Structures are given as structure tokens and as C-alpha cells.
Amino acid sequence: MLRSKRMKRSAAAFMALILFALCFTVLFNSPHFYAVGENEKSQPEESQTEESKSEESQTEESKSEESQSEESKSEESQSEESQTENSQTEDKKTEEPAEEFDIKSKTIGVQRGTTGERKASVYENDGRSDVERYYTQQTLIEELVNDKFACAILDEKNAQYFESKYDTLKVYPKEQSKDDLAFAVRKGNEELLEKVNGAIKKLRDNGTIDSIVNNYICLDSERGRSPYKKKDIKEREGTIILGVIPSYVPYEYYDNDKLTGIDIDVMQAVCDLLKMELEIVVLPGDSLDSLIYTVGSGSVNMTAVASGGFHSVNHFLNVVDLTDVYTTSKQVYLLHEKGQEEEVIDEHDEEENMKDYDFAHKTIGVQLGTTGDILAGDYADNDKKVERYDKGAAAVQSLIQKKIDCVIIDEQPAISFAKKNKNIAIYPKTLSVEEYAFCVSKSNGELLNKINKALKKLKDDGTLKDIIQNYIGTDDQIGSTPYQKKNVERSGTLIVATNAEFPPYEYRGANNSIVGIDMDIMQAVCDEIGMDLQVEDMKFEGILAAVQNGKADVGAAGITVTEDRKTSVDFSNPYTTSKQVIMVYRDNVVESIEKLDGKTIGVIAGSAGSLAADEKLNESGNTEKIEFYTFDKALKYLTQYKIDAVVADEVFIKEALERTTSLVAFDDAVSEASYSFSVKKGNKDILSKVNGALDKLKENGTLEKILGNYFGKVDQRGNYSYTSKDMKRSGTLTVTVGAELTPYIYTDKNGEPAGMDADILRAVCDELGMELKIEMSEDALSDLSDGKADIGILHTGLTDEDRAKLDQTNIFHSSKQLALAREVVNKSFLDKLYDNFIVDNRWRMITDGLLVTLRITGFAMLFGLLLGALIAIVRTVHDQNGKLFILNFICKIYLAIIRGTPVMLQLMIIYFGIFSTTNVSKELVAVIAFGLNSAAYVAEVIRSGINAVDKGQSEAGRCLGLSYGRTMKGIIMPQAFKNILPALLNEVIALLKETAICGTIGLMDLTKGGESIMSLTFDVFIPLIAVAIVYLVIVLILTRIVTILERRLKKNEKQ
Amino acid sequence: MKNSNNDVTEAVKDPETVTETGEMTEEEKAVNKREKISGEKPDDDAEVLIKVSGLKKKFGKHEVLRGITTSIKKGEVVAVIGPSGCGKSTFLRSLNLLETPTSGRILFEGINITDKKVNINKMREKMGMVFQQFNLFYNMTIKKNIMYAPVKLKKMTKEQASEKADELLKRIGLSDKANAYPDSLSGGQKQRIAIIRALAMNPDVMLFDEPTSALDPEMVGEVLSLIKDLAENGMTMVIVTHEMGFAKEVADRVLFINEGVIAEENTPEKFFGDPQNPRLKDFLSKVL
């Protein structure tokens, strides 16, 4: 037994590259060795030198076949070592049943310079896994929590600590490796071996070794707190020479040029105990062989080694002996357990059977920079074009106009768009499921931790779920659990960047405030961490940059976690999942049952409705039938505009109507059916027996209960299941089933026949005292006529001819299949106006935006006028008397740049570039940007105005002794301004309209106000027209003012 | 007018002219010498208000003034006549440095105003100028036109200036136009306002640049009579004009400038009665 343990250590220990052995010798030239302990992962070797293989090792063989190859170089350890085995090893046997953690193609995280890294490197080198290396434990753990990699390998003790600290972290039950550490002594030096063994035992007993180990293997923060101190012993006899290769943290390594480590300290303690000197010799190279043989040869007093697993190598143990194990190093896997979203898994099942959207030769529309954009890129090839739009609404508009074939977009907005436009719908199969998370700057790990902790708490206490359901739950959930800001003590402000055009995650709600799921969650997070929340609205593309350069602390905008984005920011734990769906051009209006032909129809798999859909609703052959496992799922897809109707039993339909508003069922049944069992024509015996039993069941209410279990009221349904009576039976009632039909007769999970028919037949058999045998059949009809079966369940596929061959029992159930569709709502223009402007005081987005626009225009004009006048004067002075050469030159460059580049770029450069790191109000940035731009044009206008003033005016002034400046100011400029007033006004008008691009930096100006309404109501036309009218009115007013002003100034002159 | 404006600009810009001003030509040195000599006899120059010597002006390559030397005594009225393009306007405009001379010097009240160190604005305060095109300030009322310079240059307080303006307006009988804007005035009225605007500064000399050329014939009289009035009150004046009769009547001396030089210079009687220069004879025969 013990021998087999010894064997097991070999291979994995090798491949894990850990090795250390410390060898030492004593002065009298007797080299001894230390050897590394055992490894649970180790395999039996291909080496057949081993005379015996234990059962245990064989059981493990299969698990680690892949690791064998690289172990080929290593050899099985000798059995002589077995005596060095200690009891610890035995204890561990209980853990063995645990499965080996499958590391294949996973990413492993490790801390640099640890045993874990060495272990992981092996997997990396053989290409099985990727390895991420971190400098500190803290970042390692943080990234593990962030799912940067699948598992971390670290020392068991540390892993347990983190497991207790983070709820989502779990130590994998089976350890990754276990290494017993010992020293190697030259073979034959029994005296030293005994001495050292004795010392090790003492040190272990008195806890010295534990404290030495604890000083090294612990949290980063605690390392080195209680170092072993060499005892002050005056008389030391003899010297132990310890050879080491100092490249193995934490056993022997250089810490700031000082050789240190567990092995060194332990050996120091041993020497202190033995009253011997310790001499440490650093050996060159890193080969295990050289170490062992240095010890073995005795050519040096001693040798030290670093090479894990050498113990297992045969020929090493011919030259060295191992001391007792003084400590055991256990490496374990630390895993991050993700809370799986049940719903997602659930829906995946449903959608597995659906057809993928065929992207061939399609033009895909996306919003620039969104996940849809990225996905479209994946799907696009030479045949397919991707059209990128500034806004989702623009892409959808193109789809409505059939300019593109489909739009990849987030599910929620897709549903909203479909609601507003009858020509578009959502392709039933989800394109991808993604996770939303908040992002923070890479340099702000502390904040990330806080947010993650807060999110976890919110998740645990249900707040997160409440918030999300409040926006995207069922009809009765929406609005029922609004998040209430808590009254907590706060210090500091958390600046959250968002793009409030993405309902329901963030949008402009009542009174133009930014609301939505993300905002509520951020408020809840702020309540948790005790900070004030400040929301900054900006373009989606700008959010990551804002977080990166510190303009905002957190980005919260339904941001999908992607690898690309991870390179620039850190993401919190995901707080919800969302879907990317494909919007297609499809008339989503169903006004009558006839219109269902050619539509996308949802049915319950294998149900009468499914049958009806095939038979009655697909004359054109274009009808798309989607099968769901449950009615509720079908209903959900219907309300999400993924399917256009659901065909199901009237019971379900009527109930759905009660539960859900905005749905409508058509009075005409898609199909009507009565359900009875079939018997062979003329088989009166069975027929009367069964009918009699059915009558009885009807009388005693059993039938009703069974029916109620499938088609009753909600509270009845599923509550009853018929259980066969325990009774004596004689004879068998054989039932043949033509086709499964949910919920009448189908095979359940266990392969047993189930459903209403099965229940009824069980009850019938109980009445008749017969055994029941239900068999699925290829040809139930002939089974019946051949007499192979007594009763047939033939609900479907019967022709009249077939029916003539059969007799039917009493009808026990009849049902209608109805079609359920969305209610068609035709909104009047007034309703639309109401939606766009009155609901939630949306008009305020226009008025608030107008104020912003006017403020920016006004101040920018003022700034532009002052700067422009200054430039004009410099230029004029230069023109007239050749002075101010340098200033003039600067002005000319300025004019060239400003007039030669688009104002939008100037605005973006100023905001994202020049003011990127300072927190300047966006309005001020806009004023500066537009002022600078305007100044360039104003300057030229003024200059031309000055030039247009008669030269005689200036001469007359100068002749009176007035200085140039005085003449300019008092005589020329006033006249010039009058001349250029119309031109200046045109500049104001142009400026006013130019400010419409303020939205680029997230300012809520007039245009952005219109866009915000658009993004809320998904109405493209009305808000934009409204905004256009407002601009027009302002411009008309301005024009009027100038006309009046001009006239008045003219009057002044002509008085 | 426009042309001359442009010329001025060009002249200012032309680097050649600038350098030329800096260097002293042979002629100038000669003039300097003479001054030094005349300096020894101060009595001779006691009544000289403006002394022009070796004045040259080039517009680009075209030399408009080719060396003019003359002096104007206090109280003297000098009329300058000559064919168009002869340089008479340039000569006049050079006197208060509206045109920067290419070379030569101008002494005003004993100060060399061509010297760059001299504050020309201060000099101009004492040299009123009246333009052919009136050049009233169109953005100001008549009274403001008159008051603006004296007040801004701190020659008078607002009240004093207002009083002075009223007095001057009364003198020319345009008191009712005090608050009107220039555009509402007739040419003759504008020119008279222009004259009293210059007078408001109490100048030592008045320079008239064809003051009646832009006027309707019926308005010429009122302007000339005002100028005559000034002459009778002993104002020193240099008048560039085409009104030969007026020159004869008002001037103490008449200069005939031809091709950039003073071709003849005499009392009106001799000038008009017995012209010597053949070009002058020809000129007079055409205009009289």
C-alpha cells in the first residue's frame, strides 16, 4: 500500500516542474538528500521496472492519460522510500473519490513565482491550457471573480481563506497536487540522516516548522511577519552544507539579494538544534540531475536541489536517501461559481430546434459601436453587407423602408420598435445571449470591488431582481417594485456615464430625468457604498473613453462585456443578461384568422394546435411553425413580437387573455375536435366495457378530475394525477397509440406513456380490473384491425375511410384550437402627439433642450464676437500699417484651421481631447468650441466690414489728431458693425443650427431632446418634425429682429 | 479719392520708400545746411509757420513730388493750383503727414514732423484739414461730429465743447442741424460742418483739399464765403483749389505745381496777370 503511494507521486510532480530537493551533507563527506514528497495526481508510469502496481494507482490511470506522454522521461520511484511516508498521506485517501478537475482548454490564473505557477506552466507548455500570471494575490483573486479565467491554482491555505471571503469562490474538492517536502542526504550517511530526522521531528512537534512555513505561505500582506531567527549558539560543531538552486519561491529564492526561503529556515532550525553550522552553497544551473549527483558524488560537501519529483526517479534514489517529510505543500484549484440564469438555459432549449436566421446575401443594419455591430462583423462576408447607422432607430427605419434585410439589435428595443411599426418583427431565434456589466477604469480596482460587493448584496436580497422586473417583467410586475433611494450617510460622489437612449436600461423618463434599470441599480449600489450618484449623459461611443480618462467613475449603459472592451476597462460582475436579436421585415399585424397563413405561428410541440396549424393555416406553404415546450413560452414569444400568433387549446388561450392585456383571440376556431378512443368495428365487447367504465368515471367525478388536470382552470391544472389502484387484475387491455399528441398522450421523461388519455385509460382499467398496456405503434390502425390491440388512440391523421373501419367510444373531451394574436392598435395622430409630448412631460425634453441650445448659441456668439473682433483688428492693423506681424500670422493659422475643419470634429477634439482629463461642464466646452469656431467667421465678417468703411472716415479722424485706436473704436468700428449686422445675424443663425451636434458630447440640446423622445416612443417622424419647427421659429424670430434693428439704425443716420 | 487711398497704402507698404526716408540725400543735406544758416538769423523765420524743404513723394515707381521747397508764414493764405495729377493734393496731404514723404522735411512751428519721434497726433491737432468729400462721421450727429475730437483729446470739457459747437454752428447758421445725422445734410452744409469741425480744435493752420470740387455749383458760394471769412480773420490757410477767381481774391500767394515741382510762385496779381511759366500760361488760358 505504502509503496503504491510512493509511486503515484512521480509523474505529475515532474510535469509540474516543481522540484525542490535540498541536499546537504556533513563535513565528514556524507552527502544526504532531501526529496520531494508525493503527488496525488501522479500516474503509474510506463516504466515497467516497477514490480508492483497497486489498485489505487490503476484506478487513477484513466484520468490522467494525457499527462503520461510528457512523463516518459521520468521514472518510477523506488519502494525503499516508502518508509519515509508519513501518516498524513494516509489521511488524504478519503478525498480521492473526487473527480479530477478538467483543466483542458481552460485558462488558469496564478500568482507569479508560486508553486501554482509552476504547476500551471506545465499545462501551458503542453498546450492544454492558457495561463494568466499576476503579481499579487489580490489581483489574481479579483480577476478570478471577474471570470477572467476559469480557475486559479494556489496554496490550499490561501485558497481556503479566499473561499471564506468570497461567497462565489469555491475550492475544488480534489487537490491539484500535493508535495511532501524532505531533504536528500547522500546514500549511506545514516548518521546524518538520523540526526536530521530527529531534528525534523522535534521541530515539527514544537511547531517551529509550522511557523516557518506560515511565514512564507500566507496572504501577501502577512508574509515575512514572523521570520525564523537564527539562534545565538556559541559552540557549533561541524557544518551542514546545504546546496540550493535559488529559483523556487517560497522554498529557496532571493528576496532583495538575500537568499531566503522555507528550506533555508528549516535547515537553519535543524542546525540550531543540532548545534551545527549551516553553510549554504548556491549551485549553478537548474537541473535536478546535477543537484542530485552533486550530493551523491560527495565531490562537494553538500548539494542542494530544486527539482520536484526527483524522488520518484529510480536512479536518484540509488544515490540519495530522503529524510522525513517536514511539510506538505498542497496546491488546489479555486473556482468562481457563476450564478447561472435559469431562464437563459431554459430558452436555449426551446430555440435549439429553431432554424438559424439565414444571413446569406443579406444586408445587415446595425447601430455603430454596439454589440450588434460586432456580431454583424462576424456574420458578414463578401455576400453580405453591413450598414452602420448612428442610431438604432435609423437602422430600423431603413429596415421598414426595405433598404436593408435585417437589423441586429438588443432585444428590448427591438420589441419596442416592433410595437410601433407594423411592418417589422423579430426573428424567433435569438442571435446571441450576452451579459451586461458596469465598467470602471482599470486603475480603480477598489471601486470595482465595492461595486461587485454591492451587486452581490443586491442580488442576494432580491433588490436586483425587483429592479429589473419593474421594467421588463410581466404586465403586472412592471412598475410594481420601483427602487426607492435609501436614506444613508454618503461621502463622495460616484459619477456614472450613460447614454440615455436605451430604454428600459436608461432613458429620459418623467420630467426629463434619466431613469431605467441601470440607473436604479447604480442608485442601489450608491446606497450600498454610501455615495452620491451623479449621472452624465453622453454618446454611447464616448462612455468607455470617459471612464478611461476619469471623466466618469462608472459606465452604466447596458454595456455588453466583450474581450475588446476588457482591454480598455474593467467590468463588474454581470448584473443581467440580454439578447441580441434579428429584426426582420415582416408584417406583424394579424387581424383575422385568414391572415395567419404565411405568418410565424407558435404552437405547443406535438399538440392539437400544432396539428391544426399544419393542416389549416399553411395553404400558402409559407407559414413558419415554431414549436414550444410550454404554452407560456409561446405566449412570451408572441408578446415579444417573435411570433405572430399562438395556436392552442381554447382553455389556454382564454386564460392567456385573462392574464395578459393587448392580446386578442379570434372567435373562429382553427380546428375543433372531439376526443374518444377507437375500437375495431364490431368489437362490441370492448366498446361497451370501456363505455361503461367511462360512464362510471364520469359519475364518480374521476373523469372530471383527470380532465381538469389538463384542461381545467389554472388552479386545477397539474394538481391532480391519477394513481392506479392497488388491486387484483385479470386480463390485459392493450392500447395502441397512433401518434403522440400533447397533452393527450405522450411519452414522459421516463419513457412512460403519460397524458390525459393515459390517465383515463388507467382509471378505466381500474374499473375493469384489467392490466393496462400502452404501446406506441407505427400503424395503430392495423394493430386494431389485426386484433393486436383492443383500443386505439387515434386522434390524428384519420381519413373517412379509416373511420369506417372503427367504432368510437363515448366522447370524453372536446376542444377547440384557437389562435391568439396581438391586438392591433391603431393610434390616431393625436394619440401619437400625446405619446410623444404629454406622457411623462416629454415636452420638457424639447423645452429644456431649447434652453441649452439658446444658452450655448448666445454665449458662444458673445465669445465669438469678442474674439472675432480682436482677430479682425489684428488683421486690419496689419493690412493697414504692416504692424503686428506675428499676431497676424497666428491669426491666419487659426483662421485656416478653424475654417478648414468640420465644427463637429472641433467640438469632439476639444471635449474628448483637450478637456479630457478635467471636469469641465459640457455646456462650457460647447460654448468654447462653438465660440472658437464662430470667432473665425466673425473675424472675417468684421474685417470686411472695416474695409468697407470709407477711407475718408479714418483720414478725417486722424486729421483731427485722433489716434489710430481711437479712430478705430469711435468712428470705424461703429460704422463697420452696422454694415455687417446682417452678416453677423446670419452667423448667429448658422451657429444656432450648428449647435445641433452638441449631442455628440452628450449635451441635451434641442436636437438631442427630439432624439431622446424618438428613442422613447420609437416614433421617428413626430419628434423630429417638432424640433425642426422649433428651430425654424427661432430663426424666423431672429431674422425679424435683425430687420427691425437694421431699419432702426438706418433711421438714425437719415434723421 | 479712392485711387489716392490705395496709393497711400501702397506707399506705406513700399519698403523702398521707407528706406529712402531714412537716408539723407545730397539735397537734404544741403537743406539742412541752409537751415543751420537760417537758424543763425532767427528773425527771418519768425513768422514762418510751415517750412517745407526738398519734399519728395513716390508712389511705387511714380514720383509725384520731386522736391518741393517753400514756406508758409503765419496768417498767410496760400492757394495751390495746377493740372490734375500734378501732385498738389499730395503736397497738401504731406503737410500733415497723411502722406508720408519719401524724403525731404517739413518743419511745423519749428518742429520736424517727418521725424518718427514726433507725435504726429499732437501736431495734427493744430492742423485742421478739410476734404473734398467732407468726411463727416456718419455714425454721429452733427454736434457730436464737432465735439468728438476736442472732448476725446481732452482739449475741452464736454460743456466747453458743446458751447463751442453751438457757437460755431450759429456762426454758419446751422444750429438747427445740431442733432441731425450727416446723411440728411446737403453737400454745402456738410462741407461747412467739416470746416467748423476742424475749427473746433482751434488749429493754427487750415488745409483745404479742393473743398468745393464735390459740390453742386449753387453750394460752392456758401463754402467759399466761409473760407473767405476765415481768411479775413487771419487764419493761416493752404488751399488746393480749381476756383481761380477765389484764389485770386483770397490768396496772399499762389503756387503753381507742375509735374511735382513748384513751377511758379507769386502774388495773385502777378501770378494771374503776368504768368512766366509757359505751362502755367497754357494752364491759365484753359481755365480762365
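Scanning segment A:154-169 for residues that are crowded, with 16+ Cβ neighbours inside 10 Å and not in a helix (DSSP H, G or I) yields A:154, A:155, A:166, A:168, A:169. Quick one: count up the residues across segment B:142-151 that are facing chain A (nearest Cβ under 8 Å) and not hydrophobic (A, V, I, L, M, F, W, C). Qualifying residue count, segment B:142-151: 1.
Would a scan of segment A:702-717 turn up a residue that is farther than 24 Å from residue A:673 by Cα and at pLDDT below 85? Before the answer, list the steps.
To start, the set of residues in segment A:702-717 that are farther than 24 Å from residue A:673 by Cα comprises A:715.
When the remaining residues are screened for being at pLDDT below 85, the result is A:715.
The answer is yes, given that some residue of segment A:702-717 is farther than 24 Å from residue A:673 by Cα and at pLDDT below 85.
Against the numbered list (1) within 11 Å of chain A (Cβ to nearest Cβ); (2) open to solvent by 10 Å² or more (accessible area, probe 1.4 Å); (3) of a type outside the set (D, E, K, R); (4) in contact (Cβ under 8 Å) with a residue 60 or more places away in the chain, residue B:138 comes up short only at (4). Residues in segment B:87-133 that are within 14 Å of another protein chain (Cβ to nearest Cβ), part of a helix (DSSP H, G or I) and under 14 Å from the mean Cα position of the chain (by Cα): B:89, B:90, B:92, B:93, B:94, B:95, B:123, B:124, B:125. Sub-8 Å Cβ pairs linking a first residue in segment A:1001-1030 that is under 19 Å from residue A:830 (Cα atoms) and without any contact (Cβ under 8 Å) to a residue 60 or more places away in the chain to a second residue that is open to solvent by less than 20 Å² (accessible area, probe 1.4 Å) and outside any loop (DSSP other than H, G, I, E, B), at least 6 apart or interchain, are A:1024/A:1010; A:1024/A:1014, ordered by first then second residue. State which residue is nearest to residue B:137 (Cα to Cα) when the search covers only segment B:152-184 and only residues that are of a type in the set (A, V, I, L, M, F, W, C), away from every other protein chain (no Cβ under 11 Å) and in a loop (DSSP other than H, G, I, E, B). Looking at the filtered set, the residue picked out is B:178. Can you find even one residue in segment A:988-995 that is in a helix (DSSP H, G or I), open to solvent by 30 Å² or more (accessible area, probe 1.4 Å) and within 14 Å of another protein chain (Cβ to nearest Cβ)? No - not one qualifying residue is present in segment A:988-995.
The set of residues in segment B:211-229 being part of a loop (DSSP other than H, G, I, E, B) and surrounded by 21 or more Cβ atoms within 10 Å (Cβ to Cβ) consists of B:211, B:212, B:215.
Entry remark, segment B:188-203: residues being open to solvent by 20 Å² or more (accessible area, probe 1.4 Å) and more than 12 Å from chain A (Cβ to nearest Cβ) number 2 in total.
Entry remark, segment A:177-201: residues being within 54 Å of the chain's Cα centre (by Cα), over 20 Å from residue A:155 (Cα atoms) and of a type in the set (D, E, K, R) number 1 in total. Just one of the listed residues (A:766, A:695, A:726) is open to solvent by less than 20 Å² (accessible area, probe 1.4 Å) and of a type in the set (D, E, K, R), namely A:766.
In summary, strands (runs of 3 or more DSSP E) completely within segment A:683-797 and bearing 1 or more residues that are in contact (Cβ under 8 Å) with a residue 40 or more places away in the chain and among the polar types (S, T, N, Q) occur at A:732-737. Could you tell me whether residue A:102 is at pLDDT below 75 and out of contact with any strand residue (DSSP E or B) (no Cβ under 9 Å at 6 or more places or on another chain)? It is true that residue A:102 is at pLDDT below 75 and out of contact with any strand residue (DSSP E or B) (no Cβ under 9 Å at 6 or more places or on another chain).
Looking only at residues that are within 14 Å of chain B (Cβ to nearest Cβ) and not hydroxyl-bearing (Ser, Thr, Tyr) in segment A:840-883, which one is least open to solvent (accessible area, probe 1.4 Å)? It would help to see each step written out before you state the result.
Of the residues in segment A:840-883, the ones within 14 Å of chain B (Cβ to nearest Cβ) are A:876-883.
Right, trim to not hydroxyl-bearing (Ser, Thr, Tyr) and you get A:877-883.
Working: A:877: 18, A:878: 38, A:879: 49, A:880: 59, A:881: 54, A:882: 47, A:883: 121 Å².
My answer is A:877.
Only a single item in (1) free of Cβ contacts under 8 Å to residues at least 24 places away in the same chain; (2) assigned to a loop (DSSP other than H, G, I, E, B); (3) surrounded by 18 or more Cβ atoms within 10 Å (Cβ to Cβ) is not met by residue A:636, and it is number (2). Assessment of segment A:909-919 against the conditions (away from chain B (no Cβ under 14 Å), among the hydrophobic types (A, V, I, L, M, F, W, C), under 15 Å from residue A:857 (Cα atoms) and open to solvent by 40 Å² or more (accessible area, probe 1.4 Å)) yields no matching residue. Consider residue B:172 carefully, then state whether it is at pLDDT 90 or above, of a type in the set (A, V, I, L, M) and within 20 Å of the chain's Cα centre (by Cα). Here the answer is no, as residue B:172 does not meet what is asked. Scanning segment A:392-447 for residues that are more than 19 Å from residue A:371 (Cβ to Cβ), under 25 Å from the mean Cα position of the chain (by Cα) and open to solvent by 40 Å² or more (accessible area, probe 1.4 Å) returns A:442, A:443, A:444, A:446.
For segment A:969-987, give me each residue that is open to solvent by 30 Å² or more (accessible area, probe 1.4 Å) and away from chain B (no Cβ under 14 Å). I'd like the intermediate steps shown before the answer.
At the first step, the residues of segment A:969-987 found to be open to solvent by 30 Å² or more (accessible area, probe 1.4 Å) are A:969, A:974, A:977-979, A:981-983, A:986.
Hits for segment A:969-987 are A:982, A:983, A:986.
Among A:255, A:220, A:286, A:272, which is the only one that is modelled with pLDDT of 80 or more and of a type in the set (D, E, K, R)?
Numbers: A:255 fails: modelled with pLDDT of 80 or more; A:220 fails: modelled with pLDDT of 80 or more; A:286 fails: modelled with pLDDT of 80 or more.
Just one listed residue meets the conditions, A:272.
For segment A:928-955, the set of residues classified as open to solvent by 10 Å² or more (accessible area, probe 1.4 Å), within 14 Å of chain B (Cβ to nearest Cβ) and of a type in the set (Val, Ile, Thr) consists of A:949 only. In segment A:170-196, of all residues being of a type in the set (Asp, Glu) and either in contact with a Lys or Arg (Cβ under 9 Å, 6 or more places away or on another chain) or surrounded by 18 or more Cβ atoms within 10 Å (Cβ to Cβ) (or both), the one that is farthest from residue A:329 (Cα to Cα) corresponds to A:175.
Exactly one residue out of B:244, B:235 is out of contact with any helix residue (DSSP H, G or I) (no Cβ under 7 Å at 6 or more places or on another chain) and either surrounded by 14 or more Cβ atoms within 10 Å (Cβ to Cβ) or under 19 Å from residue B:86 (Cβ atoms) (or both): that is B:235.
The values are calculated or read from the model by the stated rules, or taken from the named source; none is laboratory data. Predicted model, so just to flag it, every value in this text is computed and none were measured. When we count neighbours, we look across all protein chains shown, and the Cβ atoms used for this are built from the backbone with ideal geometry, even at glycine. For the accessible areas, the whole protein counts, side chains as well, though only heavy atoms, and no ligand, DNA or RNA atoms are used. Shrake-Rupley method; radii C 1.70, N 1.55, O 1.52, S 1.80 Å.
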